[in-house]
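Each reported figure results from applying straightforward, stated rules to the coordinates on display, with no laboratory input. What you see is a predicted model, and the numbers here were worked out from it, not measured in a lab. Neighbour counts are summed over all protein chains in view; Cβ atoms, including those assigned to glycine, are modelled from backbone coordinates with ideal geometry.
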Amino acid sequence: MSINLNRFNRVNRKKIFNRIERTQKAAIPQAPKRPPLLHPQLDISALTDIFLSKFSASSSTFQSIDCLSLVPQLVLQYAEKHSANKTLVTNLHSILTLDETPLDWPETLSLSPPPATGNEAIGLSYATTAIAETGSLVLTSSEKNPTTVNFLTDHHIIILNEQDIVPNIESMWERLSLSAGNMPRAVNIITGPSRTADIEQTIQLGAHGPRSLHLLLLTQR
Amino acid sequence: MVMHYKPTSQETPSDSELKNSSHQALFFKAQSSDALLDETLQEALKKAKGGFIEKRSQAIADVESFDSYKQQAQLVKNHTLDHLAYYLTQFEENVVKNGGHVHWASTPEQLNNIILHICERRDAKFVTKGKSMISEEANLNEALEAAGIDVTETDLGEYIIQLAKEPPSHIIVPAIHKTRQQVEALFRETHDLGERDLDKISALVDEARLQLRQKFLDADVGITGANMLIADTGSAMLVTNEGNGDLTATLPKVHIVTASIEKVIPDLESASAILRVLARSATGQPITSYTSLFSGPRDIEDLDGPDEFHVILLDNQRSQMLGSPFEEMLKCIKCGACLNHCPVYSAVGGHAYGWVYPGPMGSVLTPLMTGLKQSSDLPNASTFCGRCEEVCPMGIPLPELLRQLRNREHEEHLTPWKTRFSLQSFMWTIQHPRLFHWLTKMTRLILSNSTLTHFFEKHLFTSWYNSKELPKNHSKGTFMEQYKQNSKQKKK
Ligand code: SF4
C-alpha cells in the first residue's frame with residue numbers, strides 16, 4: 001500500500017472539519033469556556049481510612065510501615081508466601097525518590113533490572129499519588145517506575161507515602177500537574193489486581209496482569 | 001474564523017462507502033427467531049441475565065447522588081459537542097507536542113488503510129489488539145489478515161470470539177453468548193493442550209493468559225481503542241480490567257490508538273466526571289482495575305514503551321449526526337447499560353442485530369452508520385419500554401431516537417407493504433366512527449365466543465398462536481356500549 005499519508009490526512013481532515021463546522025454555531029478561534037463541574041467532597045480528616053477501605057474492596061492487601069528499611073524484608077515475606085519464583089524486578093534499589101538510604105536486599109531474592117520481561121514473579125514500584133474516593137494507586141511512567149513492572153509481573157507490590165493520598169480524582173490530576181509536552185508516557189491508575197469476567201460473568205483475578213496487588217503504606221509516625 | 005459550508009455530494013460518504021460488506025442487520029427478524037430457538041445461546045443469556053443489573057444498582061446505591069454524577073458527565077459531553085472542532089484541533093496540536101501523530105479517516109476503509117500503511121512501514125508481522133469497537137466498525141482484523149499480518153485480540157472475550165470467528169455480541173462482554181463448555185471446546189481445538197483439565201473457569205483464564213503472554217511479547221504493533229481523548233494534554237485514556245490494553249500499548253515498538261471523533265473531551269477534570277459514571281454503569285464497579293493515560297512515545301530515559309505513537313480519528317457518519325436530530329447519540333460512552341436492561345437484547349442476544357453494535361444503542365447507531373435500508377428492522381426491535389433511557393448515564397433518549405428512525409422509514413417507504421397497508425387501513429377506519437364501532441362490536445363478539453377464537457387460532461393466526469393465545473373477552477359490551485349504558489343509568 002503506498003499512500004501519501006500526509007496528503008491523505010490533510011484532505012480527510014479538511015473534509016471532516018468542513019462537515020463539523022457546517023453544524024457548529026461558529027468555529028470559535030479562542031478557547032470555549034467549559035461549564036464548572038462539581039466534585040464529590042470527602043472527609044479530609046479520614047482520607048487514609050477511606051482510601052484503605054476502598055483499596056481493600058478491590059481485592060488488594062496492605063501493610064503499614066513506618067520506615068523504608070523494612071521494605072526488603074516485607075517483600076521477601078510476601079514472595080515466600082505467594083510465589084515459588086523469587087525474582088524481583090524493580091528500579092528502586094535505593095528508592096532515591098523516597099529516601100537517601102540504600103536498601104539492604106536479602107540474597108534469597110534475585111534482583112533483576114527493569115524493564116520487566118515476563119520472567120520475574122514480583123514487581124516493586126512506588127505510587128506518585130493515591131485517590132481516596134476510589135481506592136486507587138496512581139503510577140507515572142519513568143526510569144524509576146517502568147510501566148512493564150506494573151503489568152508483566154505475577155505479584156505487584158507498591159509503596160505509597162501516606163501524605164500522597166488525595167481526596168478525589170480531580171485532586172489527583174491537580175497533584176500530578178500534567179501539561180502537554182511534559183507528559184509521562186503513561187499514567188496508570190491501578191485499582192486492584194488484573195481481573196476478567198469474560199467467561200460466564202464469573203470474576204477471575206489475574207487475567208493478563210498481576211494476580212495480586214499489595215501495598216506498603218509508609219505512614220508518618 | 002467562521003466558515004460557511006454547504007455539503008456537496010462528494011463530501012458526504014457515498015452509498016458504497018456506507019455499506020459494510022459483512023452486514024447482516026437486514027435480517028434481524030430471521031436471526032432473532034433463530035436465537036430464540038438456540039438452546040445453548042439461551043442458556044448463556046440466562047446465566048448473564050440479572051448479574052449486571054444487580055451490580056449496577058448496588059454501585060449506584062453506594063454513592064451519594066448518582067444523578068448529580070450523570071449531570072456532570074452530560075455537561076461535559078454537551079459542551080464538547082458544541083465545540084467539537086475546537087477540541088479536536090487542540091487535541092491534535094497536543095498529541096504532536098507530545099511527539100505523537102494524528103491521522104484522520106472519514107470512512108472505516110480509510111482507517112484500515114492508514115493502519116496497513118503504518119504496519120508496512122515498520123515491517124510488522126505480528127499485531128496485538130486491545131478491545132476497540134472502532135476497529136470492529138472497520139472490520140480491521142480481516143484487512144490485516146488479508147495483508148498477511150498475524151493479528152491477535154487480547155481481551156479475553158475478544159480472543160474467544162476471534163477463535164470462534166464470530167463478531168462480538170456485547171460491547172463490554174464480547175463473548176457473553178458463549179458457555180464455558182464452548183470456550184473449553186474452542187481452546188481444545190486451537191491450543192496444544194493434551195489431556196489437561198480445563199473444567200474450571202480459572203483454568204480457562206490461565207490457559208488464555210499463557211497463550212496471550214507470548215503474543216504480547218512478540219508483537220511489533222499494538223492497537224488499542226480509547227474511552228476518551230483529552231484535548232488539553234493530548235492523551236488517550238483507556239479503561240480496562242484485564243490489563244491487556246496496557247500490555248498492548250507498552251510492549252510493541254508502535255502503539256496505534258483507534259478512536260472516533262466524538263471521544264474527545266476538554267480536559268482531565270472532564271474525564272473524571274465521565275469516569276464516575278462509566279464503570280458504575282458498565283460493570284457496576286466504582287472504577288475498573290486499570291485506567292490509563294497514554295501520551296506519546298517513550299521518553300529518552302524511559303526503559304520501556306513504544307517508540308512511535310499514533311492516534312487515528314474515525315468519523316464514519318458522526319459528523320453527519322452532529323446538528324441532526326440524532327446528535328444526542330454522540331454522547332454515548334459505550335457503557336452497555338442499555339443492552340443489559342433491554343428485554344429484546346436479553347431474549348435474542350447481540351448477534352441477531354447483525355452488526356457490531358447491538359441492543360438499543362445499536363438499533364440507533366447501525367441504521368445511521370450503515371444506512372437505514374440495510375437495517376430497517378432494527379428501529380422496530382424495541383418494545384419502547386423505556387428502560388434504556390432510564391439507565392443511560394448520558395441521558396440519551398433512545399426510544400425517541402428509535403421513533404424518529406421509524407418515522408424516517410415510513411417516509412422513505414422502507415416499511416413492508418403489509419405494515420403500511422394495515423396502518424393506512426387503520427387510519428381510514430378510525431376516521432369513520434360508525435364503521436369503527438361496528439367493527440369493535442364484531443371483534444368483541446368473536447373474542448367472547450370460545451369456539452370462534454379457537455377456530456381463528458387454529459386456522460388464521462397460526463404463528464401468533466405458537467407463542468400466545470388470542471385475548472378472551474367476557475365483558476358486557478364494547479367500551480362505548482358500556483359507557484352509554486352507564487350514563488343512561490346515572491341519568492335515571
Ligand atoms: S446509549 Fe447510554 S446506556 Fe447505551 S451504551 Fe451508550 S451511554 Fe451506555
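Which Cys in chain B stand alone, with every other cysteine's Cβ at 4.7 Å or more from theirs?
B:Cys119, B:Cys332, B:Cys335, B:Cys342, B:Cys385, B:Cys392
Report the extension gain between B:Arg121 and B:Ile430 in nm, rounded to one decimal, defined as 0.36 nm multiplied by the number of residues separating them, less their alpha carbon distance.
Details: separation 309, 0.36 × 309 = 111.24 nm, distance 6.77 nm.
Roughly 104.5 nm would be gained on extension.
I'd like the Karplus ³J(HN,Hα) series for the stretch B:220-237: coefficients 6.51, -1.76, 1.60, θ = phi - 60°, whole numbers in Hz, and an x wherever there's a Gly or Pro.
Those phi angles translate into 8, 10, x, 10, 10, x, 8, 7, 8, 10, 9, 5, 5, 10, x, 10, 10, 9 Hz.
Cut-off is 10 Å between beta-carbons; in what order do B:Cys388, B:Cys332, B:Cys342 appear when sorted fewest neighbours first?
Fewest-to-most ranking of B:Cys388, B:Cys332, B:Cys342: B:Cys332, B:Cys342, B:Cys388.
Near the amide H of B:His103, under 5 Å away, which other amide H atoms are found, from residues 5 or more places off or on another chain, if H is placed in the peptide plane?
Correct list: B:Val311, B:Ile312, B:Leu313.
Which of B:Trp428, B:Trp417, A:Trp105 comes first, and how do the rest follow, when ranked by fewest Cβ neighbours within 10 Å?
If I rank by nearby Cβ atoms, fewest first, I get B:Trp417, B:Trp428, A:Trp105.
Considering the dipole of the protein assembly as shown built from charges on the beta carbon (Lys and Arg +1, Asp and Glu -1) around the Cα centre, which of B:Gln285, B:Ala231, B:Cys392 is farthest to its positive end?
Going by the Cα projections, it comes out as B:Cys392.
Under the Karplus relation 6.51 cos²θ - 1.76 cosθ + 1.60, θ = phi - 60°, what is the ordered set of whole-Hz ³J(HN,Hα) values for the stretch A:188-193, x standing for Gly and Pro?
Values per residue, Gly and Pro as x: 10, 8, 10, 10, x, x Hz.
Order of B:Ile300, B:Ile256 from fewest to most other C-beta atoms within 10 Å?
Lowest count first: B:Ile300, B:Ile256.
Just to confirm the filter: which trypsin sites (Lys or Arg not before Pro) across the stretch B:149-184 are DSSP coil and have at most 12 other Cβ within 10 angstrom of their Cβ?
Hits after loop and neighbour filter: B:Lys165.
With the cut-off at 1.5 for a/c, could you classify the stretch B:309-350 from its C-alpha gyration tensor as rounded, prolate or oblate?
It comes out oblate by the Cα gyration axes.
For chain B, which span is the longest to avoid every loop-located (per DSSP) member of GluC sites (Glu not before Pro) having at most 12 other Cβ atoms inside 10 Å?
By the stated rule (loop sites, at most 12 other Cβ atoms within 10 Å), B:65-194.
What is the set of long-range amide H partners of A:Ile159 at a cut-off below 5 Å, with H atoms built 1.01 Å from backbone N?
Excluding prolines and chain starts, which carry no amide H, the hits are A:Ser125, A:Tyr126, A:Ala127, A:Leu216.
What full-extension length gain, to one decimal in nm, is calculated for B:Ser202 and B:Lys29 as 0.36 nm per residue of separation minus the Cα-Cα distance? Can you show the working numbers first?
Details: separation 173, 0.36 × 173 = 62.28 nm, distance 3.69 nm.
Using 0.36 nm per residue and subtracting the Cα-Cα distance, I get 58.6 nm.
Got a sec to turn the phi values of the stretch A:48-61 into Karplus ³J(HN,Hα) couplings, 6.51 cos²θ - 1.76 cosθ + 1.60 with θ = phi - 60°, whole Hz, x for Gly and Pro?
Values, residue by residue: 4, 5, 4, 4, 5, 6, 5, 4, 5, 5, 8, 6, 10, 10 Hz.
Along the Cα→Cβ direction, 7 angstrom out, place labels at B:Lys49 and B:Ser463. What is the inter-label distance in nm?
Going by the 7 Å Cα→Cβ label model, 2.4 nm.
Could you give the dipole magnitude of the protein assembly as shown about its Cα centre, charging the beta-carbon of Lys and Arg +1 and that of Asp and Glu -1, in debye to the nearest 20?
So the magnitude is around 4360 debye.
Charges on Cβ only, +1 for Lys and Arg, -1 for Asp and Glu, centred on the Cα centroid of the protein assembly as shown; of A:His214, B:Pro360, A:Leu176, which one is farthest towards the dipole's positive end?
The Cα lying farthest towards the positive end belongs to B:Pro360.
Express in whole angstrom the spacing between the alpha-carbon centres of the stretch B:314-389 and the stretch B:53-109.
Rounded to whole Å, the Cα centres lie 19 Å apart.
Relative to a virtual label point 7 Å from the Cα of B:Ile300 in the Cα→beta-carbon direction, which members of the stretch A:181-208 show backbone nitrogen distances below 18 Å?
A:181-185
Taking the Cα-to-Cβ direction at B:Leu36 and at A:Thr117 and moving 7 Å from each Cα, how far apart do the two end points lie in nm?
5.9
Exceeding 25 Å between C-alpha atoms, which entries from my cross-link table qualify? They are A:Lys14/B:Lys263; B:Lys441/B:Lys472; B:Lys129/B:Lys178; B:Lys373/B:Lys458; A:Lys81/B:Lys215; A:Lys86/A:Lys144.
B:Lys373/B:Lys458; A:Lys81/B:Lys215
At 0.36 nm per residue, minus the direct Cα-Cα distance, what do B:Glu195 and B:Lys165 gain on full extension? Give it in nm, one decimal, please.
8.3 nm
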